[in-house]
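The values are calculated or read from the model by the stated rules, or taken from the named source; none is laboratory data. Bear in mind that the values here come from a model prediction, so they are computed numbers and not experimental data. Glycine gets a Cβ as well: all are built from the backbone with ideal geometry, and neighbour counts include every protein chain shown.
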Amino acid sequence: MKNKIQLIEDKLKKSGIKYNLIPLPESLPLDIPSHVMFYKITFSQATATILYKTDKGIVAIQRRADTKFNLEKLKQAIGVKQLEFASESDLRELGTKNGLVPLFGLQVKYFIDKKVLEQGKIYGSSGDGLFGLAIQAKDLPKVNNGQIIDVTERPILGKKRVYSGVRATGRLHLGNYLGAVKGMLALQDDYDCTFSVVDLHAMTTPYDPKTLKDSIRSVILDFLSAGLDPEKCRLEIQSQVPQHTELSFLLATLYPLAPLEDLPTFKDKKAQYPKNVNTALLYYPILMAADVLLYKGELVPVGIDQEPHMEVMRECARKFNQVYGDTFPEPYRFKTMGEYVPSLTGAGKMSKTVEGSFINLNDDFETIKRKLAKVPTDAGTTGGDVPKIGGVATLFVLLALFNRDDMHKKYKQDYMDGKIRYGELKAFLSERIYDELKPIQEKRKYFEEHPKIVDEILKMGNEKCLKIAEETMKEVKEKMGLSI
Ligand code: TRP
């Protein structure tokens, strides 16, 4: 490994350009969003090298993560007739993976999309996830002898629409924060985002009308405290944009009943609240589809447990487009590292409704410590691979999610060597978690003390949302044959 880095460093040094080599934590997933979050950059600063197989052999193309190629333009620019992504086995043969860094030693034709060079500093990561590289965009052609082409279809970011919602069930917990809010934070700089407190969804299971208002407000405060910026995204309260329910009814006319009864989420809730199986609970996924489609959302940062709902959403969009003509994109889930945050009990996922399973966003250091102390562990002397389920697995997932360095690796090694000390790990983890939550808690205090500012933000968000919602409904009603 060292050799490869050394090789690249030599090459960079020889070319006389400035660069930054950044070791990546082992736990970082290989996708671009995770890297953008890790580097704390925008998508427009992230670049990827994509290897394509063509009728003239393998070529490498450098593109900015916020752009999309026009494939016809691309074929023309590089003079090929056929073009497809290089397969796993092609890459294996070449001894590389997609990713900026391996390219420095790779003998293939190399092209750089013009948009990359419009940036100042750019970041790329080695396809193997071991390290990242930051250099000035203008230096890129120097190192790689790349040919500049102009093949971007359109910048997708700044245009691509994102929608996500969090149920109004009171204060957020760490699972909501890692699974949804962190994804929202990563997207708000570059995408056209709407983030919602879905209060109507919260009414599908037993709730208290006396406290619902507070719960709604509380989620908004957590959104703002966590860093959602009303200048960058639209914030809405679902019930205040009545088009959500209107569109959901219209979509329901297209969607069959039976699959809704079979959804695992419906079955779970039915089992959890056998005396409260109301029609709205069954209807939940249709309302969720309407939430996103109302804004023609394309990307949805939510946890992995929402995948069945995403499928219903895509089916609604597909069905509508088939019957009434192209109207809605088919939205996809935006995956984040925290898409599944396990429970502190060691069984299942972190959930508001499971006592002892979660850490609240407003938990202080002592509370976090106390909660982590209760996570069940083993003797720590068995060694071998880190378990995939149970309390120890939970600790390692959290460690990875709050990793800023290689402590995750260190503790993993300790585990494998049979000499892990859970007390130490838990104390370290508590500090890491609190470090991240403390500024959020401080900001929350500010917003609690300035309710007028929050009201203003909500008013502004609501106005912007209503405008888009009205436009979509006009189009939908016209297409469905309703007089408007
Ligand atoms: N079902 C989602 C959850 O429980 C909440 C939700 C409702 C939602 N509407 C949405 C999430 C639209 C994303 C987009 O997490």
### Flag for residue 183 being of a type outside the set (Asp, Glu), in contact with a Leu (Cβ under 7 Å, 6 or more places away or on another chain) and touching a residue at least 60 places away in the same chain (Cβ under 8 Å)
no
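Restricting attention to region 21-69, and to residues there that are of a type in the set (D, E, K, R) and touching a helix residue (DSSP H, G or I) at 6+ places or on another chain (Cβ under 6 Å), which single residue is surrounded by the fewest Cβ atoms within 10 Å (Cβ to Cβ)?
So, considering only residues that are of a type in the set (D, E, K, R) and touching a helix residue (DSSP H, G or I) at 6+ places or on another chain (Cβ under 6 Å), the one surrounded by the fewest Cβ atoms within 10 Å (Cβ to Cβ) is 26.
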### Message
Testing residue 314 on (1) closer than 30 Å to residue 360 by Cβ; (2) within 13 Å of the ligand (Cβ to nearest atom), one condition comes back false. Which one is that?
### Response
(1)
## Note on the structure
Here the residues within region 164-181 that are more than 14 Å from the ligand (Cβ to nearest atom) and either closer than 24 Å to residue 45 by Cα or modelled with pLDDT of 90 or more (or both) are 174
### Query
Listed residues 221, 251; which is touching a Cys at 6+ places or on another chain (Cβ under 8 Å), part of a helix (DSSP H, G or I) and crowded, with 19+ Cβ neighbours inside 10 Å?
251
### Task
Starting from region 392-410, take each residue that is within 18 Å of residue 423 (Cβ to Cβ) and list its partners that are in a loop (DSSP other than H, G, I, E, B) and hydroxyl-bearing (Ser, Thr, Tyr), counting only C-beta distances under 9 angstrom and pairs at least six apart or across chains.
392/377; 394/343; 394/345; 395/377; 396/27; 399/27; 408/27
### Query
Just wondering, is there one or more residues in region 430-452 that are more than 30 Å from residue 235 (Cβ to Cβ) and either within 26 Å of the chain's Cα centre (by Cα) or part of a helix (DSSP H, G or I) (or both)?
yes
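Could you please let me know if residue 474 is surrounded by fewer than 18 Cβ atoms within 10 Å (Cβ to Cβ), under 25 Å from the mean Cα position of the chain (by Cα) and either in contact (Cβ under 8 Å) with a residue 40 or more places away in the chain or within 30 Å of residue 248 (Cα to Cα) (or both)? Break it down into steps so the answer makes sense when it comes.
Working: surrounded by fewer than 18 Cβ atoms within 10 Å (Cβ to Cβ): yes; under 25 Å from the mean Cα position of the chain (by Cα): no; either in contact (Cβ under 8 Å) with a residue 40 or more places away in the chain or within 30 Å of residue 248 (Cα to Cα) (or both): yes.
Judged against the criteria, residue 474 is not a match.
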### Query
Within region 329-343, is there a residue that is within 15 Å of residue 248 (Cα to Cα), out of contact with any strand residue (DSSP E or B) (no Cβ under 7 Å at 6 or more places or on another chain) and either modelled with pLDDT of 95 or more or within 12 Å of the ligand (Cβ to nearest atom) (or both)?
no
### Task
Return yes or no: is residue 212 within 27 Å of residue 367 (Cα to Cα), more than 13 Å from the ligand (Cβ to nearest atom), of a type in the set (A, V, I, L, M) and surrounded by fewer than 21 Cβ atoms within 10 Å (Cβ to Cβ)?
yes
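Could you tell me which residue of region 288-308 is nearest to residue 179 (Cα to Cα), considering only residues that are assigned to a helix (DSSP H, G or I) and more than 7 Å from the ligand (Cβ to nearest atom)? Steps first, answer last, please.
Of the residues in region 288-308, the ones assigned to a helix (DSSP H, G or I) are 288-294, 304-308.
Narrowing the set further to residues that are more than 7 Å from the ligand (Cβ to nearest atom) leaves 289-290, 293-294, 304-305, 307-308.
On the way: 289: 19, 290: 21, 293: 21, 294: 23, 304: 8, 305: 10, 307: 13, 308: 16 Å.
Result: 304.
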